[in-house]
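Novice: Sending over a structure as structure tokens; questions will come in a sec.
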Amino acid sequence: MVLSTGYWVTRTKNSLPNTHYPIPNTQKMSRIQQLFSEKKENILNIYFTAGFPKLDSTKEIILSLEEAGVDLVEVGMPYSDPLADGPTIQQSGQVALKNGMTLDLLFEQLEAVRNSSSIPLILMGYFNQVMQYGEQNFFTRCKNVGIDGLILPDLPVYEYETYYKTMIEEAGLDISFLITPQTSPERIKKIDELTSGFIYMVSNSSITGAKKGISDKQIAYFNRINKMNLSNPRLLGFGISNHETFSTACQYANGAIIGSAYINALNNTKDINRTTMEFVEMVKGQAIDAKIL
Amino acid sequence: MITIDNKGYYGEFGGAFIPEMLHPNVEELRQLYLEIMDDETFKKEFQQLLRDYVGRPSPLYLAERLSAHYNASIYLKREDLNHTGAHKINNTIGQILLAQRLGKKRIIAETGAGQHGVATATVCALKGIKCIVYMGEVDIKRQAPNVARMKMLGAEVRPARSGSKTLKDATNEAIRDWINNPEDTHYIIGSVVGPHPYPDMVARFQSVISEEMLWQLLDQTGKEDPDIIIACVGGGSNAAGAYYHYLNREQVRLIAVEAAGLGVESGESAATSVLGSKGIIHGSRTLLMQTPDGQIIEPYSISAGLDYPGIGPLHAHLIKSGRAEPVSITDKEALASAYFVSQKEGIIPALETAHAFSALEKIKYNSTDVIVINLSGRGDKDLETYIKHYDKFH
Ligand SMILES: Cc1ncc(COP(=O)(O)O)c(C=O)c1O
């Protein structure tokens, strides 16, 4: 009988919406969740494109970022057609691909890094890369090499829920979705439900590296989001490039994500470790000290 | 049955794989496009412009000398006679009216051959709306007359300098522009590609082609159905328009002609249905040419309008389900057809369309068959290429 379908019964009983999903392995928090449970502000997440500037720069970059006191590292899987990225990240991806970067090689490099680093690692890339690797293979491999979370900007919420949510949860990976100034409140709530780890708050509707500085209009948006009492912490990204923008971002979110500015710093560097230490020092500046005092 | 669901899937192809930054714009379109297109005043305005401004209906012409040569009844659907010289304007008229209703003040577009760019610049001039067209640097060189036309019409042409510097890259740049301008801008995509609802919306605007074919064929042959419809496929919009009302008339064979460039196996090709595999390009799950790692391969064709590494999700579905038959045509074969048709019928076809004519050399048919070739555009823009190769073919 039609009326006895589970759907109908759930609706008529007016039961709670099915929004609570058990996290596998509940006693053990993921590295990302651990970080956010211990540190609530001034979190610095730095993005780099794997295979740039050199094919084998991955390990040195991650270890240097960790040494410099960065909290999370976002590893970009270079892509031929990165729709959400501006010229800086596009070009670094082209160099990386020309250098010969592949997903298999990247996974090998990351596996090697994990022996000497415990910093949370997030893979960022476009969904076609995941599809071609085989979704299940990709998620399993991520887990096995010690990746903690994913950012897949062109994986839509609908497809994620319908096809991939279970796979990603079973692999024990966190996933961050993006919100922008144009994202509706209902959609933000939905994204908050689906996110584990942190929400990637795009500072201004733009591609990466496009806009400089933070305007009053953006601040109104940050305040609006803060009032929503979301369950996930938020990192602010896009257009964060220096001490000034980083400290402003930290006033309105748990921390910030820097990409293009770091790629620019790495361009033409002869000493990745030194460039990285200097870059992170520049970004953190005295802001952190001032906050601690 | 060929159908599309409300998430934009034709079978397993379609959807909207877009970054969150594009979500509000694409979602607004998805929610409103059918309602707007169904509105009586919209329809009236659209049809009136198609008639009085574009010059529709485009004739269906029985090409007697071609028919005699190929021993079949060959009809040409004369989209080349439309204002601006190709089918592209059917879609841009529809989308500019839609953009007005959405309150948009700025139009962006991508273009390959420049036909869609010209068609967009034209409707923007018609409506007094600012127009920016992204075009690959390579295409700017090989389609110079269309670049000049766009400028003449008041549009700004911005070169796309990334990747292969052709249609794929122009599309990337247009999408990035849309991300950066989320409020006042409408993106007029030029083919049945991109995230849902674009493939369906563009197919509906182009469906006027087959709508006219129904009564024109009835008039001229006594039957609505031809035996075969042939169209070239870049992204697939002229083909979608020519197939549309016949999609579920299984007795009508649909031939999808792709550009093989220097040859399907040469490494310099754009024959997506042969060389492609399932993946995501420009926000759509479809067939595309890519490496095992999912990096999009730069295509090649002499024809800028077919030089695209994907096909629309409708065509991916038609080909994978066996509903449409793909045919690959090389640069050389297309050029030969262009010279041949010019001198047989007094019609200089666009290089894209020349590929469709070459399919007559490849497919099997009977002498009693009624074959419609969608003559998607005229060859004025390609004269330089035609003159350059002329001596090799004569
Ligand atoms: C005359 C003509 N035919 C065909 C095409 C290919 O596009 P589509 O496959 O969308 O019809 C183009 C594209 O520029 C064109 O100008």
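The values are calculated or read from the model by the stated rules, or taken from the named source; none is laboratory data. These numbers come from a predicted model, not from an experiment. Cβ coordinates were reconstructed from backbone atoms using ideal geometry, including for glycine residues, and neighbour counts include every protein chain displayed. Side chains included, ligands, DNA and RNA excluded: accessible areas come from the protein's heavy atoms. Shrake-Rupley method; radii C 1.70, N 1.55, O 1.52, S 1.80 Å.
Novice: Within region B:341-362, track down each residue that is farther than 23 Å from residue B:300 by Cβ and open to solvent by 20 Å² or more (accessible area, probe 1.4 Å).
Specialist: B:342, B:343, B:344, B:345, B:346, B:348
Novice: How many residues does region A:79-104 hold that are facing chain B (nearest Cβ under 9 Å), within 18 Å of residue B:161 (Cβ to Cβ), out of contact with any Pro (no Cβ under 8 Å at 6 or more places or on another chain) and of a type outside the set (Asp, Glu)?
Specialist: Residues in region A:79-104 being facing chain B (nearest Cβ under 9 Å), within 18 Å of residue B:161 (Cβ to Cβ), out of contact with any Pro (no Cβ under 8 Å at 6 or more places or on another chain) and of a type outside the set (Asp, Glu): 6 in total.
Novice: Sticking with this structure for a sec: Determine if region B:358-371 includes at least one residue that is within 12 Å of the ligand (Cβ to nearest atom), closer than 24 Å to residue B:86 by Cβ and part of a strand (DSSP E or B). Let's see the steps before the verdict.
Specialist: Step one: of region B:358-371, the residues within 12 Å of the ligand (Cβ to nearest atom) are none.
No, the conditions are met nowhere in region B:358-371.
Novice: Here is a follow-up. Please go through region B:279-324 and give me each residue that is away from chain A (no Cβ under 14 Å), open to solvent by 10 Å² or more (accessible area, probe 1.4 Å) and part of a loop (DSSP other than H, G, I, E, B), ordered by number.
Specialist: B:300, B:302, B:305, B:321, B:322, B:323
So that you can scan it fast, the table gives a plain yes or no per residue for (1) within 22 Å of residue B:9 (Cβ to Cβ); (2) among the small types (Gly, Ala, Ser); (3) surrounded by 20 or more Cβ atoms within 10 Å (Cβ to Cβ); (4) within 11 Å of another protein chain (Cβ to nearest Cβ):
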| position | (1), (2), (3), (4) |
| --- | --- |
| A:144 | no, no, no, no |
| A:147 | no, no, yes, no |
| A:154 | yes, no, yes, yes |
| A:168 | yes, no, yes, no |
| A:174 | no, no, yes, no |
| A:177 | yes, no, yes, yes |
| A:198 | no, no, yes, no |
| A:205 | no, yes, yes, yes |
| A:214 | no, no, yes, no |
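Novice: Here is a follow-up. Do the conditions hold for residue B:342, that is, is it assigned by TED's automatic domain parsing to the domain that holds residue B:373, in a loop (DSSP other than H, G, I, E, B) and either modelled with pLDDT of 95 or more or within 13 Å of the ligand (Cβ to nearest atom) (or both)?
Specialist: Numbers: assigned by TED's automatic domain parsing to the domain that holds residue B:373: yes; in a loop (DSSP other than H, G, I, E, B): no; either modelled with pLDDT of 95 or more or within 13 Å of the ligand (Cβ to nearest atom) (or both): yes.
Taking the combined requirement at face value, the residue does not satisfy it.
Novice: Go through the residues of region B:70-83 one by one and say whether even a single one is more than 16 Å from the ligand (Cβ to nearest atom), small (Gly, Ala, Ser) and in contact with a strand residue (DSSP E or B) (Cβ under 6 Å, 6 or more places away or on another chain).
Specialist: Of all residues in region B:70-83, those more than 16 Å from the ligand (Cβ to nearest atom) come to B:70-75.
Then drop every residue that is not small (Gly, Ala, Ser), which leaves B:72-73.
Filter again for in contact with a strand residue (DSSP E or B) (Cβ under 6 Å, 6 or more places away or on another chain), leaving B:72-73.
Yes: region B:70-83 contains one or more residues that are more than 16 Å from the ligand (Cβ to nearest atom), small (Gly, Ala, Ser) and in contact with a strand residue (DSSP E or B) (Cβ under 6 Å, 6 or more places away or on another chain).
Novice: Right, another one. What about residue B:211, is it under 19 Å from residue B:374 (Cβ atoms), open to solvent by 10 Å² or more (accessible area, probe 1.4 Å) and more than 13 Å from every other protein chain (Cβ to nearest Cβ)?
Specialist: Working: under 19 Å from residue B:374 (Cβ atoms): yes; open to solvent by 10 Å² or more (accessible area, probe 1.4 Å): yes; more than 13 Å from every other protein chain (Cβ to nearest Cβ): yes.
Criteria met by residue B:211.
Novice: Shifting gears a bit: Hey, can you tell me all the residues within region B:84-112 that are part of a loop (DSSP other than H, G, I, E, B) and within 10 Å of the ligand (Cβ to nearest atom)?
Specialist: Filtering region B:84-112 for residues part of a loop (DSSP other than H, G, I, E, B) gives B:87, B:102-105, B:112.
Correct list: B:87, B:112.
Novice: Are any of the residues in region B:67-75 within 23 Å of residue B:115 (Cβ to Cβ) and assigned to a helix (DSSP H, G or I)?
Specialist: So in region B:67-75, the residues within 23 Å of residue B:115 (Cβ to Cβ) come out as B:75.
From what is left, the residues that are assigned to a helix (DSSP H, G or I) are none.
No: region B:67-75 contains no residue that is within 23 Å of residue B:115 (Cβ to Cβ) and assigned to a helix (DSSP H, G or I).
Novice: Contact list please: Cβ distance under 9 Å, first residue in region B:220-237 and more than 26 Å from residue B:311 (Cα to Cα), second residue in a helix (DSSP H, G or I) and within 16 Å of the ligand (Cβ to nearest atom), pairs at least six apart or on different chains.
Specialist: B:224/B:213
Novice: Quick check on region B:15-72: of everything there that is of a type in the set (S, T, N, Q) and either without any contact (Cβ under 8 Å) to a residue 24 or more places away in the chain or open to solvent by 40 Å² or more (accessible area, probe 1.4 Å) (or both), which residue is nearest to the other protein chains (Cβ to nearest Cβ)? Break it down into steps so the answer makes sense when it comes.
Specialist: Quick first cut of region B:15-72, residues of a type in the set (S, T, N, Q) only: B:25, B:31, B:41, B:47-48, B:58, B:67, B:71.
Still in the list and also either without any contact (Cβ under 8 Å) to a residue 24 or more places away in the chain or open to solvent by 40 Å² or more (accessible area, probe 1.4 Å) (or both): B:31, B:41, B:47-48, B:67, B:71.
Working: B:31: 12, B:41: 29, B:47: 34, B:48: 34, B:67: 44, B:71: 45 Å.
Per the stated criteria, the residue is B:31.
Novice: Follow-up. In region B:113-140, what residues are away from the ligand (no atom under 16 Å from the Cβ), over 20 Å from residue B:50 (Cα atoms) and out of contact with any Pro (no Cβ under 7 Å at 6 or more places or on another chain)? It would help to see each step written out before you state the result.
Specialist: If we filter region B:113-140 for residues that are away from the ligand (no atom under 16 Å from the Cβ), which is where we start, we get B:124-132, B:137.
With the extra rule that they be over 20 Å from residue B:50 (Cα atoms), the set shrinks to B:130-132, B:137.
Once the filter is applied, which keeps residues that are away from the ligand (no atom under 16 Å from the Cβ), over 20 Å from residue B:50 (Cα atoms) and out of contact with any Pro (no Cβ under 7 Å at 6 or more places or on another chain), region B:113-140 yields B:130, B:131, B:132.
Novice: Would you pick out the residues in region B:261-273 that are within 15 Å of the ligand (Cβ to nearest atom) and crowded, with 22+ Cβ neighbours inside 10 Å? Break it down into steps so the answer makes sense when it comes.
Specialist: Applying the first criterion (within 15 Å of the ligand (Cβ to nearest atom)) to region B:261-273 yields B:261, B:270-273.
Selection gives B:261, B:270, B:271, B:272.
Novice: Another question, if that's okay. Which of the residues spanning region A:179-196 are out of contact with any strand residue (DSSP E or B) (no Cβ under 7 Å at 6 or more places or on another chain) and either facing chain B (nearest Cβ under 8 Å) or buried (at least 20 other Cβ atoms within 10 Å of the Cβ) (or both)?
Specialist: Here is the first cut: in region A:179-196, the residues out of contact with any strand residue (DSSP E or B) (no Cβ under 7 Å at 6 or more places or on another chain) are A:181-187, A:189-190, A:193-194.
Matches in region A:179-196: A:181, A:182, A:183, A:184, A:187.
Novice: Where in region A:76-133 are there helices (runs of 4 or more DSSP H), lying wholly inside it, with at least 1 residues that are in contact (Cβ under 8 Å) with a residue 24 or more places away in the chain and surrounded by fewer than 20 Cβ atoms within 10 Å (Cβ to Cβ)? Explain how you work it out, then say what you get.
Specialist: Working: elements: A:87-99, A:103-114, A:127-133.
It comes to A:87-99, A:103-114.
Novice: Which of the residues spanning region B:215-252 are open to solvent by 50 Å² or more (accessible area, probe 1.4 Å) and either within 16 Å of the ligand (Cβ to nearest atom) or within 14 Å of another protein chain (Cβ to nearest Cβ) (or both)?
Specialist: B:244
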